[in-house]
Amino acid sequence: MNNILAVFARSWQTPEVRKKLIFTAIIFVVFRFFAHIPVAGVNVASLKSLFAQNQFLGLLDIFSGGTLANFSVMALGLNPYINASIIFQLLTMVFPKIEEMQKEGEAGRQKINQYTRMVTVPLALLQAFGMYALLRSQHIIATLPILNLLAFVLTMTAGTMFLVWLGELVTERGVGNGVSLLIFAGIVGRLPVAFTQTASTSSNQNFMNILIFVGLGIAVIASIVVINEATRQIAVFYAKRVRGNKTTGGESTHLPLRLNQAGVIPIIFAVSLVLMPSVLANYFSASRNVFLHNAALWLSTTFDPNGWVYNGLYFVLVVGFTYFYTAVVFNPKKISEDIQKYGGFIPGIRPGTPTANYLNYVLTRITLAGALFLGIIAIFPVFARAITGVQTLLLGGTGILIVVSVVLETVKAIEAQLVMRNYEIFDK
C-alpha cells in the first residue's frame, strides 16, 4: 500500500503524468454521468429486483460498470467488446494470419483493434435484442412496436460504442488500460451504495459479523495480490558468440511463468455456462406450456446459486477453463523455439522439443495452484455470506479480482512512464 501511494505521489509531482491522471479522472466523471441516464420505458425498480435474484445478470452488471442495473443508455457496457476481444484471442489459435498480424507490432495491433470494434457492433445488437426479450419475459418492459424496438436496440448499441471510445481515449491519453479502468470505476462506484445499505440494516447483533466479513475481504485481497505476483523463475543461459573482435552472449536470465496466466477470464467463461440454466429458467418460468414451466422450475431448483450442484459445477468449470485459456495464451513450443533461435538453453534440458516438454511440465503443475485458487475465489462469496450472514455487502470474487488486478497494472504503467521520463531527462 505504501508503495502504491508513493507511486501516485511521485506521478502527481510530474507534470506529464499529472495531466494524464487528470484526463483519466475527467473520463471517469463523464462515464458516471451517462451511467445515470436511463433508457425510456423500463421499470427500474423491478429491474433491480431481478438483478438481485440472478447472479448472471449481476456479473453482467459488473462488466457494464454498474450501468445495467440502472438500465442507462450504456446498459450493455463493455460486454460486447470483451466478447469480441476473447473471440479474436481464440481465433489466433485457428487462423495463422491473425497470429502473424499480432507479430507485426503496433500496426498489427491497430488492425486487430479495428476488427474487434467491427465485431463489437453486431454482438451489441444481438445482446441488446436478447436483453429486450429477457426483460419482456419478466414483464419489466412492455412489447415495443418495430420502430421503438429499433430505437431501443440502436440506443444500447450506441452506448456500448461510446463507452469503447471512452476506454480508448484513456488508453491513448490517460494512464493504464482504458477498458479495465472503466470496469474498475463501475465496481468501485457501487461500493458506497452497498456500504449504505449495510449500515442502514445493521444492528449490534451483526456488527461482529460485519467485522468478520471485512476481515475475510482483506484476506482475499491479500491472497489475490500474492497469487497475481507469484511466478516460477526458469533459468535460461545464452551461449557466447564471437563475431569478429566482439564477444556476445554468455549472460543468464530468467523466464517468469506466472501461477495465474489466465487472469479473470476463466471465471467469466465458467459463470456464463453455469448460470445459463438459471437464465433459461427465468425466461420460461412464465410459459403456459406445462412441460416448459416444470422444466424451468426444475432448473431453478437444481441450479440454485447457493446449492452444492451449482457451486461444484462452477468450481470444476473454473479449473477447466483456467487450463484451457493458459494453453491459449502460452505456447511452450513457440517459447522454446525463440530461446533456441537466440542461442539460449535451460540448464540440463536439451534445446527444441525437450525444452517445450519441460516448460509444459512445469506450467501444468503451477497452473494447478492458480486454477484451484481461482475456483475457490469464484465460490467463496457464497460461503462468506453463509458464515457471516451479511447479504448486502457482496464479496464478489470476480469483482475483487478485477479491482486488484487493475490497480496493480495501473501502478506498473505509471511506474513505467516515470522511468521513461527519467531516461528522457538523462538523454538531454
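What follows draws every value from the coordinates through simple rules; no lab data is involved. Here the structure is a predicted model, which means the values were calculated and not measured. FYI the Cβ positions are ideal-geometry reconstructions off the backbone, even for glycines, and counts take in every protein chain you see.
Positive contributions from Lys and Arg (+1) and negative ones from Asp and Glu (-1), summed over other residues with Cβ under 12 Å from the Cβ of L257, come out at +3.
Listed by chain and number, the aspartates and glutamates whose C-alpha is less than 13 Å from the C-alpha of K19, apart from same-chain residues fewer than 8 away, are E172. Here the peptides 372-380, 121-129 are ranked by packing, the mean other Cβ count within 10 Å, and the order with the highest first is 372-380, 121-129. Here the scattering of the stretch 327-375 is modelled by Debye summation over its C-alpha atoms, one equal scatterer each and no solvent; at q = 0.27, 0.29, 0.30, 0.32 Å⁻¹ the log10 of I(q)/I(0) is -0.96, -1.04, -1.08, -1.16. Within the stretch 78-159, the trypsin sites (Lys or Arg not before Pro) that combine a DSSP coil assignment with at most 15 other C-beta atoms in a 10 angstrom radius are K103.
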